Structures are given as structure tokens and as C-alpha cells.
Amino acid sequence: MTDQPKKKGGFASMSAAEQRAIARMGGVAAHAQGRAHEFSKDEARVAGRKGGEIVSRDRAHMAAIGRAGGRKRQSAA
């Protein structure tokens, strides 16, 4: 085994712009083939509610959000 640092290969070696361009082409192709999923308003609403319920289970996280919002509001007044 060598002591040389491991080189990044493939997708990881590309710039963020190159990665976005490839991902965009994949999305365009998926839509053209009819394989892409588009959320309806109802599906998006259910997904958002589900995510919100999961986040709100963490009481410490919710308390931190509340404190941060209170500090922000005080400094804006």
C-alpha cells in the first residue's frame, strides 16, 4: 500500500457545475421518457407534513429554533 493520498475519481472529481449539468441532463431524459415523478399538491402537502412531524419530535432542536427566532426578533426591533 502506498502513502499517497487517494485521488477522487468519476463524479467526485468534477466541479459542482459539471455535476449539476450531468444531473440536469438525467432529469430532462427522465421527464422525456415519462419516468420522472412530479408531486401533486396533495402529495407535496403530505410529504411536508410528514417531514415537519419528524423534525418537531426533537424537542431540543425545536427549543433552539425558538430561541434563535426570539433573539433575531429582539435585534430587529
Under the Karplus curve 6.51 cos²θ - 1.76 cosθ + 1.60, θ = phi - 60°, whole-Hz ³J(HN,Hα) for region 56-67, x wherever Gly or Pro sits:
6, 5, 7, 4, 5, 5, 5, 5, 5, 4, x, 5
On the first, second and third principal axes, largest extent first, how far apart are the outermost C-alpha atoms of region 13-77 in Å?
50, 33, 24
Tell me the label-point distance for the pair A68, I22, using the 7 Å Cα-to-Cβ offset, in nm and rounded to one decimal.
3.2 nm
Would you list, by chain and number, the lysines whose Cα falls below 26 Å from the Cα of K41, excluding same-chain residues fewer than 8 positions away?
K50
In the chain the accessible area split gives carbon plus sulfur, as whole percent at 1.4 Å, a share of 56 percent
Send over the semi-axes of region 7-48's equivalent ellipsoid, whole angstrom and largest first, taken as the square roots of 5 times the C-alpha gyration tensor eigenvalues.
29, 14, 8
Once Lys and Arg get +1 and Asp and Glu get -1 on their Cβ, which of G52, A21, Q33 lies farthest toward the positive end of the dipole of the chain?
G52
With +1 assigned to the C-beta of every Lys and Arg and -1 to the C-beta of every Asp and Glu, and no other charges, what is the dipole magnitude of the chain about the Cα centre in debye, to the nearest 20?
380 debye
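The values are calculated or read from the model by the stated rules, or taken from the named source; none is laboratory data. Here the structure is a predicted model, which means the values were calculated and not measured. We place every Cβ from the backbone using ideal geometry, glycine too, and count neighbours over all the protein chains shown. Note: areas computed on protein heavy atoms with side chains; ligands, DNA, RNA excluded. Shrake-Rupley method; radii C 1.70, N 1.55, O 1.52, S 1.80 Å.
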